[in-house]
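Have a look at the structure below before the remarks.
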Amino acid sequence: MSNGTALRTSLLLVPALGVILLLIGVPLGLMGWISLLDKGGSSGVDWNSGASFANYVRLVWEEDFDGTMILNTSYLVIFLRSVTQAAVTTILCLLLGLPVALWMAGLSRGPRDLMLLVITIPFWTNLLVRNYAWLIILREDGWVATFVNALSPFGPVQLLYNDIAVAIGLTYSFLPFMILPIYTVFEKFDWRLVEAAHDLGANRRRALRRVVLPIAAPGIVAGSLLVFIPCLGAFVTPALLGGGRTLMLGNIIQMQFGASRNWPFGAALSVVLLAVMLVVMTAMALWRSRRSV
């Protein structure tokens, strides 16, 4: 490539880089700067305060009445709950989405397009409305609770306002994000490879483990990222279906920017959440690069 061609290519990238810097870089930089400031009065930020890491220290430590710093594990517990809830949702979406995507790939063109329409229909409705629908479905006097309690040997089961309800709501909300990437991989899958595996003596389980899953790995990784990362910052579903009892990081951030009006601490929580997401994405990228070598 000549110097002139390289220069023209670089100039073509300038508008895209400018848009990325304006819409992503500037807001992230502003959020990082606010996280270093102090809480203000009516504005939520004291712009004249000096920069410090006090908001990040507050995530783990708090000041006692006598001025000593004591360990505060409240935010660590919420962080671990968020990671656990996101991991459980990702596993549930994978267990449900993989068979559906595999089944869809084996359908003819008409039924396959119909299934794609069915999967994308929930996106036509607001997430808040869908979560309110689950409130009606899982309520104490609902038919689901009645059916579960009739089968439960341990007495009445509470389906709402706990981790189970949040996991159900998150799985329902993010399941299409797992199905579609895996289906995209299976759509181009050559089923003769499975027939060849059977001819070589492999049973169904071995063919699934040695042939199907390795080919579906890119879709599984992409779907897992699309489910796990948004789940970490989810706040609508935990707020409604959790009833305020199962707070996640998204709920705490929303409270800091809302009722508490402590924008610097909310920004610090957002930076930590963003850092966790970057670590997860980097780990996934490194894992994929090692497998491709």
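The residue of segment 52-76 that is nearest to the chain's Cα centre (by Cα), among those that are of a type in the set (A, V, I, L, M) and surrounded by fewer than 11 Cβ atoms within 10 Å (Cβ to Cβ), is Leu71. Among the criteria (1) at pLDDT 85 or above; (2) outside any helix (DSSP H, G or I), the one Ser42 does not fulfil is (1). Count of segment 228-251 residues, restricted to those that are under 16 Å from the mean Cα position of the chain (by Cα) and either farther than 25 Å from Leu128 by Cβ or not in a loop (DSSP other than H, G, I, E, B) (or both), is 12. I'd like to know if segment 255-265 contains one or more residues that are modelled with pLDDT of 90 or more, among the hydrophobic types (A, V, I, L, M, F, W, C) and under 19 Å from the mean Cα position of the chain (by Cα). No, there is no match, as no residue in segment 255-265 is modelled with pLDDT of 90 or more, among the hydrophobic types (A, V, I, L, M, F, W, C) and under 19 Å from the mean Cα position of the chain (by Cα).
Thr84 satisfies every condition listed in (1) farther than 15 Å from Ala234 by Cβ; (2) without any contact (Cβ under 8 Å) to a residue 40 or more places away in the chain; (3) surrounded by 13 or more Cβ atoms within 10 Å (Cβ to Cβ); (4) not aromatic (Phe, Trp, Tyr) except (1).
What tally of residues in segment 184-227 results from selecting those that are β-branched (Val, Ile, Thr) and more than 30 Å from the chain's Cα centre (by Cα)? Outline the logic, then answer.
Filtering segment 184-227 for residues β-branched (Val, Ile, Thr) gives 184-185, 194, 211-212, 215, 220-221, 227.
Those still in the list that are more than 30 Å from the chain's Cα centre (by Cα) too: 194.
Total satisfying the criteria: 1.
Of all residue pairs spaced 6 or more apart or on separate chains, those with beta-carbon atoms under 7 Å, a first member in segment 257-277 that is buried (at least 22 other Cβ atoms within 10 Å of the Cβ) and a second member that is hydroxyl-bearing (Ser, Thr, Tyr) are Pro264/Ser35; Ala267/Ser35; Ala268/Ser35; Ala268/Tyr56. Within segment 122-141, the set of residues being modelled with pLDDT under 85 and among the aliphatic types (A, V, I, L, M) is empty.
The values are calculated or read from the model by the stated rules, or taken from the named source; none is laboratory data. Small disclaimer: the values here were computed from a predicted structure and weren't measured. Reconstructed Cβ throughout: ideal geometry from the backbone, glycine too, with neighbour counts over all protein chains shown.
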